[in-house]
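Read the figures in this text as sums done on the coordinates, not as results from a lab. Bear in mind the structure is a predicted one, so any value in this text is a computation, not a measurement. Don't worry about glycine lacking a Cβ; one is built from the backbone with ideal geometry, like all the others, and counts go over all protein chains shown.
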C-alpha cells in the first residue's frame with residue numbers, strides 16, 4: 001500500500017503536529033498543533049505557523065520544550081504512536097538548551 005502522505009516523485013511526509021505527537025515530543029496532538037500555530041516551531045530554520053506543515057526524513061525541528069529549546073533531526077517517519085523506545089528511534093537529539 002502506498003504512503004498517503006507521499007506525492008508522486010516526492011519523499012513521504014507527515015504533518016508536524018502528528019510527528020511531534022507520534023514520537024512523544026508533545027504530550028498531545030492538540031498541544032503540538034498549538035505550538036505550530038502559535039509560531040513556536042522552526043522547520044529547517046524557517047518559522048512555521050501551521051500544524052499541517054510537512055515533515056520529511058532528515059528535516060531539522062527546533063521547538064520549546066518546557067524551559068529549554070530542543071533541536072532534533074528526523075531520522076524516519078513513524079506510522080503510529082508507539083512505545084517510547086520506538087519513538088526515540090525516529091529522531092536524533094542534536095541540542096538541548098537551557
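Key figures for this structure:
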item	result
The chain - convex hull of alpha carbons, volume per residue in Å³	99
Average Cα contact separation per residue, the chain, under 8 Å, 6 or more apart, as relative contact order %	25
Stretch gain in nm, segment residue 94-residue 75, where the contour uses 0.36 nm per residue and the Cα spacing is subtracted	5.7 nm
Most fluctuating residue given options 82, 39, 66, as computed from a GNM of the chain linking Cα atoms under 10 Å	66
Virtual spin-label span in nm between residue 42 and residue 11, 7 Å along Cα→Cβ	1.9
Of 75, 13, 85, the one that fluctuates the most in a GNM where the chain has Cα springs shorter than 10 Å	85
